[in-house]
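Peer 1: Next up is a structure, given as structure tokens.
The values are calculated or read from the model by the stated rules, or taken from the named source; none is laboratory data. These numbers come from a predicted model, not from an experiment. Cβ placement follows ideal geometry from the backbone for every residue including glycine, while neighbour counts extend to all protein chains displayed. These area figures cover heavy atoms from the full protein model, side chains too; ligands, DNA and RNA do not enter into them. Shrake-Rupley method; radii C 1.70, N 1.55, O 1.52, S 1.80 Å.
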Amino acid sequence: MTIALRTHYCGLVTEALTGQTVQLCGWVNRRRDHGGVIFIDLRDREGTVQVVCDPDRPEMFKLAEQLRNEFCVRVTGLVRPRPEGTTNENLKSGKIEVLCHELEVLNPSLTPPFQLDDDEISETTRLTYRVLDLRRPYMQHNLMLRYRVAMEVRKFLDAHGFIDVETPMLTKSTPEGARDYLVPSRVNAGMFFALPQSPQLFKQLLMVAGFDRYYQITKCFRDEDLRADRQPEFTQIDCEVSFMNEREIRALFEALVTTVFKNALGVDLGAFPEMTYGEAMRRFGSDKPDLRVKLELTDLTDVMADVDFKVFKGPATTPGGRVVALRIPGGSALSRSEIDGYTEFVKIYGAKGLAWIKVNDVSAGREGLQSPIVKNLHDAALKSIVERTGAQNGDVLFFGADTAKIVNDAIGALRIKIGRSDFGKKAGLFEDRWAPLWVVDFPMFEYNEDEQRWDAVHHPFTAPKDGHEDWLATEPGRCLSKAYDVVLNGWEMGGGSIRIHRADVQRKVFSALKIGEQEAQAKFGFLLDALQYGAPPHGGIAFGLDRMITLMTGAESIRDVIAFPKTQRAQDLLTQAPGPVDEKQLRELHIRLRNPQPA
């Protein structure tokens, strides 16, 4: 009879197994020698258990003396209660220990380049030695949670009639927003595949094909500048349905999110409020507002149209300009150096500076306001500022004045920075809770000043709101779309839309985007052709799995919830990818480098 190499996970050995003999396999987290008795903290993916090695078994004890951190070992021993007063409440196994009878070193280890319980390891070191980094309980917890979330997603979608259909990884390069990753074809000289930015076109084709409820947990690829919530390859929960309207789709996938959070994390998100894109930008300067921050922008564009202060009057009287105030309750407590720091912060977003007013005494009018800019504003403007913002004694008002984009970006980011700061939390400007939100009624297009053309806000297959089709040819800027985003705690966690299911409407959208008939046929002919064969009304949504897990774990970067991520320079420090290839491979692909890498 074959004897099991392992009978239990270390972290799952509890008092329920008292008196039983167990076989455990794992890594030495720590070895402690206490006056002739050796204690080993043995670790696996489920947690840690304390193993006791007595000198009564000389051969086993001699081997235990040689153990070092990260040795891979097998232990056979008796589960017994810990001595009174030595219970560790932080461990599932904290009430017991395993008295070692047999010890086997399955594989020794070199001295690790860092201690796994060190919280000050640089990210470069962690990613270079990612295999060891993944042994850390923090990373093990994150990836185990990721697995549970994926399983909950699959269970929910399966219960609601969705089927998992794979779509190609080698596909056609199409303009969908970001830069494509290209793959040269050896067989078809001079031709290229593209890695998919999303399965967007294929899932629409699946709807035309009659697979009315599709999903896929799939890799997507975008060659774009990276940041904490972006990776060149990322995982998407991709879903599409036919014969459902926008509200029905949002209700279904809100249920998906709430079910996943409840079952995987034990969190009740409650009902999701709804906000239009226009309201979000007006109140928060962002289409993904963090509702936990209790600060809002106050629009003052009309108030500043007749003041003599050019910094405010210029944007207020220029098309596309905006002037806003951000009231910070209790903000007079901020030091000048802190205000100067905020001034430098908004410059990151294109702002030229940060005007401010400290409110010392509302009842004193002009005399109760402290700021270098007060002398440039007439009494009526100052009165309107105080009334609209609801300013009280002890507040500070920050101002943004520029193009609407710069103001929204800069003051919207300042709102978040102050609200989440230690000052903001102490001042009650931040509420520690889960804050989900649907943002709806996005514009169809945004104007590209550099290229003097309209671009799609989401993608060119998003349907316009009913009645807005007539504006596609004459006033594209007025068109709103049937698009919707799921926002959680200031992160865009997912987004989708009702798709265009009629070829004539799709051609109108392409025309608004200055994609001519010939170009449209060359790039999207397969979609346009398919839409003519009784394409059903359909829509869908895609959730960023990496972002969802990052929010659930409270990690600072999605790199902490991906097993083998890339750096912000799109490099894998573990495998040293990307790397050079030899000349023979390049010749097979019909490629010659303009600036060959040095040998």
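Peer 1: For region 321-372, compute the orientation-averaged projected area of the C-alpha convex hull (one quarter of its surface), in nm².
Peer 2: Average projection, Cα convex hull of region 321-372: 4.4 nm².
Peer 1: With every protein chain left in place, what is the accessible area per residue of the chain in square angstrom, probe 1.4 Å?
Peer 2: Heavy-atom accessible area per residue stands at 50 Å².
Peer 1: Hey, another quick one. Once amide H atoms are placed 1.01 Å from N in the peptide plane, what residues at a sequence separation of 5 or more from ALA355, or on another chain, have their amide H within under 5 Å of its amide H?
Peer 2: For ALA355, the qualifying residues are PHE399.
Peer 1: Next question, about the same structure. Mind grabbing the base-10 log of I(q)/I(0) for region 308-444 at q = 0.16 Å⁻¹? Debye formula, identical points on the C-alpha positions, no solvent, two decimal places.
Peer 2: -0.89
Peer 1: Now for a separate question. Go through region 229-245 residue by residue and turn each phi into a ³J(HN,Hα) via Karplus (6.51, -1.76, 1.60, θ = phi - 60°); whole Hz please, and just put x for glycine and proline.
Peer 2: 10, 10, 9, x, 10, 9, 10, 10, 8, 9, 9, 8, 9, 10, 6, 9, 8
Peer 1: Okay, next question. Once the Cα gyration tensor of the chain is diagonalised, what are the square roots of 5 times its eigenvalues, in whole Å and ordered largest first, as equivalent ellipsoid semi-axes?
Peer 2: For the chain, the semi-axes come out at 50, 37, 24 Å.
Peer 1: When the scattering of region 377-488 is computed by the Debye formula from its Cα atoms alone, each counted once and equally, what is log10 I(q)/I(0) at q = 0.13 Å⁻¹?
Peer 2: Values returned for q = 0.13 Å⁻¹ are -0.81.
Peer 1: Something else about it: Using the 2.2 N^0.38 Å rule of thumb for compact globular proteins, work out how region 112-169 stacks up: its C-alpha Rg over that value, please.
Peer 2: Relative to the 2.2 N^0.38 Å estimate, region 112-169 comes out at 1.66.
Peer 1: Starting with the highest mean, order 401-414, 79-92, 97-110 by the number of other Cβ atoms within 10 Å, averaged over the residues of each peptide. Intermediate results must be reported in sequence, preceding the final value.
Peer 2: Working: 401-414: 22.0, 79-92: 12.4, 97-110: 16.0.
With the highest mean Cβ count within 10 Å placed first, the list reads 401-414, 97-110, 79-92.
Peer 1: Now, a different point. How far is helix 137-159 tilted off the main Cα axis of the chain, in degrees rounded to 10, range 0 to 90?
Peer 2: It works out to around 70 degrees.
Peer 1: Just the projected area, averaged over all directions, of the convex hull on the alpha carbon atoms of region 248-331: how many nm²?
Peer 2: Numbers: hull surface 34.1 nm².
So the Cα hull casts an average projection of 8.5 nm².
Peer 1: Next up: Probe radius 1.4 Å, ligands and nucleic acids ignored: give me the carbon and sulfur share of the accessible area of the chain as a rounded percent.
Peer 2: Carbon and sulfur: 50 percent of the exposed surface of the chain.
Peer 1: Ordered by residue, what ³J(HN,Hα) values in Hz, to whole numbers, does region 515-522 give under the Karplus form 6.51 cos²θ - 1.76 cosθ + 1.60, where θ = phi - 60° and Gly and Pro are x?
Peer 2: Those phi angles translate into 9, x, 4, 5, 5, 4, 5, 5 Hz.
Peer 1: Next question, about the same structure. Assuming a ≥ b ≥ c are the square roots of the Cα gyration tensor eigenvalues, decide whether region 14-71 counts as rounded (a/c under 1.5), prolate (otherwise, with a/b larger than b/c) or oblate.
Peer 2: Judged from the Cα gyration tensor, region 14-71 comes out oblate (a/c at least 1.5, b/c at or above a/b).
Peer 1: Shifting gears a bit: Once you compute Rg and the Kirkwood Rh from C-alpha atoms, what is the Rg to Rh ratio for region 508-599?
Peer 2: Dividing the radius of gyration by the Kirkwood radius yields 1.15.
Peer 1: Now for a separate question. Can you run phi through the Karplus equation (6.51, -1.76, 1.60; θ = phi - 60°) for region 196-211 and list ³J(HN,Hα) in whole Hz, with x for Gly and Pro?
Peer 2: Calculated HN-Hα couplings, in order: x, 6, 6, x, 3, 5, 5, 6, 5, 5, 5, 5, 4, 6, x, 8 Hz.
Peer 1: A further question on this structure: List the relative contact order of region 308-465 as a percent without decimals, with contacts defined as Cα pairs under 8 Å and 6+ residues apart. It would help to have the intermediate numbers written out before the result.
Peer 2: On the way: 203 pairs, mean separation 42.3, N = 158.
Taking the mean separation of contacting Cα pairs over the length of region 308-465, I get 27 percent.
Peer 1: Loop-only check: which trypsin sites (Lys or Arg not before Pro) in region 411-485 are DSSP coil with at most 14 other Cβ within 10 angstrom?
Peer 2: Those that pass, being in a loop and sparsely packed, are ARG433.
Peer 1: Here's something else I'd like to know. Below 8 Å, C-alpha to C-alpha, sequence gap of six or more: please give me the relative contact order for the chain in percent.
Peer 2: Relative contact order, the chain: 13 percent.
Peer 1: Using only the Cα atoms of region 82-193, what are the Rg and Dmax in Å?
Peer 2: Answer for region 82-193, Rg first and Dmax second: 24.0, 75 Å.
Peer 1: Over region 174-262, calculate the relative contact order: mean separation of alpha carbon pairs under 8 Å at least 6 apart, over the residue count, as a percent.
Peer 2: 24 percent
Peer 1: Grab the DSSP H runs of the chain that are 4 residues or longer, score each as -39,500 (n - 2.57), total them, divide by all residues and round the 222 nm result to the nearest 500 deg cm²/dmol.
Peer 2: Calculated at 222 nm, the ellipticity per residue is -8500 deg cm²/dmol.
Peer 1: Would you mind getting me the FRET efficiency between ILE373 and GLU446? Use the beta-carbon distance for r and R0 = 25 Å, nearest 0.05.
Peer 2: Efficiency at R0 = 25 Å is approximately 0.20.
Peer 1: Follow-up. With equal scatterers on the alpha carbons only and no solvent term, can you work out the Debye log10 of I(q)/I(0) for region 167-227 at 0.12, 0.18, 0.26, 0.30 1/Å?
Peer 2: Debye intensities relative to I(0), on a log10 scale: -0.35, -0.71, -1.09, -1.24.
Peer 1: State which entries of LYS358/LYS426; LYS375/LYS417; LYS219/LYS523; LYS352/LYS375; LYS358/LYS405 exceed 24 angstrom in Cα-Cα distance in the structure shown.
Peer 2: Beyond 24 Å between Cα atoms: LYS375/LYS417; LYS358/LYS405.
Peer 1: Further question: Distance between the C-alpha centers of region 144-210 and region 508-548? Whole Å please.
Peer 2: Result: 14 Å between the Cα centres.
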